[in-house]
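Here the structure is laid out as structure tokens; the discussion comes afterwards.
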Amino acid sequence: MDITLSDCFIAVDDHDRALAFYRDVLGLEVRNDVGFEGMRWITVGAPSQPDVNIVLEPPLANPNASPADKKTMAELLAKGLLRGVIFHTDDCDATFERISAAGGEVLQEPIDQPYGVRDCAFRDPSGNMLRFSQPRGR
């Protein structure tokens, strides 16, 4: 049996701002942009990984959700508590410089971690935590 990752989902509250960040700052390619019932889903991914997609989805992709549920999801998103993604990079320091120069909200500057990587962290425009990790010694 062969199991591989195909899609992961990140909730965003402003698709245009998210698109500018993921496409223009991170350099991911746009693979799909779909609207349905007043909601929008944008699929992005690294050109080097054509079979792995990141779907930028509405915070609560359920048109029947109660106003209370929608409010709760918006609050969790604003606090950065919904999802996080870890990206691999071949140069953590250069990645940090590029994203911070583009105005990325820094959570952690590059640091050598005791578990064998050098990494840094940012928030995307919706508040999601994104880490950028490089194996030490490279």
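All of the numbers you see were taken from the coordinates with simple rules; none came from a lab. All values derive from a computational prediction rather than experimental measurement. All Cβ positions, glycine included, derive from the backbone under ideal geometry; neighbour counts span all protein chains shown.
Odds and ends about this structure:
- Crossing angle, helix 67-78 versus the chain [Cα axis fit, 0-90 degrees, rounded to tens]: 10
- Residue-averaged 222 nm ellipticity for the chain, from DSSP H runs of 4+ at -39500 (n - 2.57), nearest 500: -5500 deg cm²/dmol
- Proxy reagent accessibility, fewest Cβ within 10 Å first, across ILE86, ILE3, ILE54: ILE3, ILE86, ILE54
- Length gained on full extension, GLU105 to ARG23, computed as 0.36 nm times the residue gap minus the Cα-Cα distance: 27.9 nm.
- Relative to the Cα centre, the charge distribution of segment 2-138, modelled as +1 at Lys and Arg Cβ and -1 at Asp and Glu Cβ, gives a dipole magnitude of about 240 debye.
- Antiparallel DSSP beta bridges within the chain, percent to nearest 5: 70
- The angle between the Cα long axis of helix 92-101 and the longest principal axis of the Cα atoms of the chain comes to about 50 degrees, rounded to the nearest 10.
- Listed residue (CYS8, TYR22, THR95) projecting farthest to the positive dipole end of segment 7-135, Cβ model: CYS8
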